[in-house]
Structure formats: C-alpha cells, structure tokens
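The values are calculated or read from the model by the stated rules, or taken from the named source; none is laboratory data. For clarity, every value in this text was computed on a predicted model and none was experimentally measured. Because the Cβ atoms are built from the backbone with ideal geometry, glycine has one as well, and the counts that use them run over all protein chains shown. Keep in mind that these areas ignore ligands, DNA and RNA; they rest on the heavy atoms of the full protein, side chains included. Shrake-Rupley method; radii C 1.70, N 1.55, O 1.52, S 1.80 Å.
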Amino acid sequence: MFKTAYRFIRYDRPKSLGALAGVIISVFLVGQQAGIFIFLTNSMSSLVRNNSQYIWVVDNKTTNVSALSPLDVRIGREIASLPGVRNVHPIVVAGGSAKFENGASSGVNLIGSEGPDYAGGPWNQVLGDASVMTQEGAVITDFFDRKLLGEALPGDYFEVNGKRVYIAGQTRGVRSFSGAYVFTTIERARALGNFSSNEATAFLVEWDPALPQQQVIDTINQYVYGVRAWEGNAFAQATIGTVLGSSGIAFSFGTNIIFAFVVGFVIIGLMLYTMAVDRIKDYGTLKAIGATNGYVRRLILTQALMISVVGFLIASVLVEGFRNGIANVGTIFSFPLPLRLGFLGMTLFIAFTGSLFAIRRIVKLEPAQVFRT
C-alpha cells in the first residue's frame, strides 16, 4: 500500500509538493500563533506561576495579579495566627513611571519582597542574587527589558517616580505582560510606589505540609474578612482569564489560528483532489482489475498520511527554529507535549478531511468509464 501510494505521489510532483506546502504553511502558522499566545499568557501570570508554591491572599474583589488593591499589614498577622499557617510573606506590587539617562521613559511594575526569603522576589537571576537589593537604591531588572529601560546596563542609574535607583542585578526571561518588572525590597517598593509602611498588596502563605492546602485556604477565607485565598495555579489561571476577557487577544489569535487551519484544509483538499482527477484512469484501472472502493479509500488516505507526516516534520523544524530565534530577543516559550500531539492530530485531520474530496470523486467512478473513447 505505501509503495503504491508513494508512486502516485511521485507521479505528479508539483501537486504533491503543493499539498506538502499546504501542510507546512498551516502547521507553521498555527505553531507560530500558538507560541506567541503562550508567551503572552505566561507573561500575564508569570509572577504568580513562579510563586505558585505559596497560597496567595489578595483582596476579595481581585482576580488579576496586575491589579491588586492595598491591604493592611495587620491582615498578615491575622493570617499567621490561623491553624495550619507556618509563615506569611507580604509583598508589594505597584506601578511606576521610570525615566532614564538617555531621555526615554516607560512604565514599570515594582515588585517589593521581604528578606531574607524574598518570597515573590526575583527568579532566574544571572547577575547577583536577591540580597543585592538591600544596597541603597538597588533594583533588579531583566536582561531582555533593556530596551524598555532606556538601554540601562547593570550599574546604571535611573528614576522611578522621581526617586533615583540603580540596577544591581539582572534576571533572564522574567517578563511582564505590561511594562518591565523592577524587583526591590518591600520597604523600597513602598517608598517608590508611594505606599504606606502599613500596607501590602498580597500575602504569600506557607502552610503546614501535614494539612491539605485546600483546608488552609478554606480556613483563611472563612475567618479573615475582606480577602480571598487562592491556590497559586488557580490564581494564575484567573489572572489570564481576566486579562483575556477584557481584551481582544484571544479573539485575534483564535482568528489567525482558524485562518491557518482553513488555508491548510483548502490547499491540501484541492491538491489531493486534482491529483486524483489527473490519475483518474489509473484509479479506474485498479477498480477494473478488482480493487474495491475500500482499497481506493485506503490508497488515497495513505497518500494523505505520507504527505501530512512529512509536512508535519518539516514544519516542526521550522517552528522550532522560529521559537529559538525569538527566544534570543526575550520572547521565550515552550510547547507542552499535549500541544505538540495536538498539532500532529490537527495535521492528520486536515489531510484526511481534505482527502475526502478526492475519495468521493473516485468511489463514484465506474471502471468502464476509463475505457470509453
């Protein structure tokens, strides 16, 4: 079967290459759009996802980590008194306006954490460690945010809300959805963000591992007024849902992915159909010498399978090249295995569904037709 299908494919190389190109274009476009969408959703929730080992306690109206409201620090002490709570870490998340020595300016996201643990503080550090933030005016920024930060380098000074700071350390790949992350101590974040020393925006809670996490979450929600405790990953998903629900990002990327899907379907279907029509005498001859409609269906589907698998492999290499290329400028993402399998399933679906046009044309063919003059 595979040998015969390969001969049919080789017979009309231009159309076979056209069908192959349809698979490659479709998979590449879907992979490209899906990859950028993954990066954006990851950046929306990166602060929570990278601190998902904690229970997040925020005000009871917030479902977005980028829009937290101030909380009294006494709430943290109240949480610490509850059964099952081992430690409570206050953090400050605040917006700021930064000005740089080259005259540029941009919005930044201040993240203030408390030593010595610096829960909620910087991760993926490539220069210095979290303790450098204790130096006067020290902040930590990300390597890939240097353009947003006026091309400032480690050791350079700039202003946040009119107050002078300098880059004492760097992370790599710690990206925010809007503005650059600027990590510092909780005291400095309060000063830069004009927060009261009696306020925080969230509390990261460590719990007794002998107790179920959900039990501790329920206890906090039951006994502490005005706040809501979240499991880390649940809060990350809520953040993504809130941002997507208030913007057109999901619709935009979804439309592009559907368009890529339709393009692949049309190209593959058209090419497989014309390949079948061009070789209609050969299919008729096969049926005349005893080939059943089932055999013909399998033959066409085998051609579709071969084209789709080769196209998928080529497209996967191109998508991986694209992923590695944009990672060099800070757009970092990865495809989980279920999504990669989903791409393969999509490719096979497009190819097999597209081949139905050809199958329908051939199975209706009467063998005697090919011998009429």
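One decimal place: the segment Ser178-Arg74 gains 34.4 nm when fully extended, by the rule 0.36 nm per residue minus the C-alpha distance.
Using a ≥ b ≥ c from the Cα gyration tensor of segment 122-193 (square roots of the eigenvalues), is it rounded, prolate or oblate, where a/c under 1.5 gives rounded and otherwise the larger of a/b and b/c decides, a/b for prolate?
Here segment 122-193 falls in the rounded category.
Positive-end ranking of Thr239, Pro338, Ile268 along the dipole of segment 198-356, with charges on Cβ about the Cα centre, is headed by Ile268.
Using the Cβ-Cβ distance between Gln215 and Ser131 with R0 set to 41 Å, the FRET efficiency works out to roughly 0.75. The Cα center of segment 140-174 and the Cα center of segment 15-78 differ in position by 23 Å. Identify, among Val48, Thr134, Ala202, the residue whose Cα sits farthest towards the positive end of the charge dipole of the chain, taking +1 on the Cβ of Lys and Arg and -1 on the Cβ of Asp and Glu, with the dipole about the Cα centre. Most positive-ward Cα: Val48.
For segment 143-189, relative contact order (Cα pairs under 8 Å, six or more residues apart, normalised by length) works out to 35 percent. Magnitude of the Cβ-charge dipole of segment 1-111, K/R +1 and D/E -1, about the Cα centre, nearest 20 debye? The calculated dipole for segment 1-111 is roughly 740 debye. Close amide H pairs (under 5 Å, H built 1.01 Å from N) link Leu110 with Ala94, Gly95, Gly96, Val182, residues at least 5 positions away or on another chain. Rounded to the nearest 20, the size of the Cβ-charge dipole of the chain about its Cα centre is 2560 debye, with Lys and Arg at +1 and Asp and Glu at -1. Taking θ as phi - 60° and the Karplus parameters 6.51, -1.76 and 1.60, the scalar couplings of segment 110-115 work out to 7, 10, x, 10, 10, x Hz in sequence order, x denoting glycine and proline. Rolling a 1.4 Å probe over the heavy atoms of the protein chains gives the chain an accessible area of 47 Å² per residue. Residues considered: Arg146, Arg323, Arg190. Largest GNM mean-square fluctuation over the chain, using C-alpha springs under 10 Å, is found at Arg146.
Longest span of the chain, sites excluded, free of GluC sites (Glu not before Pro) in DSSP loop with at most 16 other C-beta atoms within 10 Å?
152-373
Using a probe radius of 1.4 angstrom, the carbon and sulfur fraction of the accessible surface of segment 22-153 is 50%. About its Cα centre, the dipole of segment 87-234 is roughly 460 debye, where the only charges are +1 on Lys and Arg Cβ and -1 on Asp and Glu Cβ.
Since only Gly325, Leu20, Leu301 are under comparison, the one whose Cα sits farthest along the positive direction of the charge dipole of the chain, derived from C-beta charges on Lys, Arg, Asp and Glu, is Leu301.
Taking θ as phi - 60° and the Karplus parameters 6.51, -1.76 and 1.60, the scalar couplings of segment 192-209 work out to 5, x, 6, 9, 5, 5, 9, 10, 9, 10, 7, 10, 9, 10, 8, 10, 5, x Hz in sequence order, x denoting glycine and proline. Classify segment 178-252 as rounded, prolate or oblate, taking a ≥ b ≥ c as the square roots of the eigenvalues of its Cα gyration tensor: rounded when a/c is under 1.5, otherwise prolate if a/b is larger than b/c and oblate if not. Cα axes put segment 178-252 in the oblate bin.
In the chain, the calculated helix contribution to ellipticity at 222 nm averages -17000 deg cm²/dmol per residue, counting -39,500 (n - 2.57) for every DSSP H run with n ≥ 4. Shape class for the chain, computed from the alpha carbon gyration tensor (a ≥ b ≥ c): prolate, with a/c not under 1.5 and a/b above b/c.
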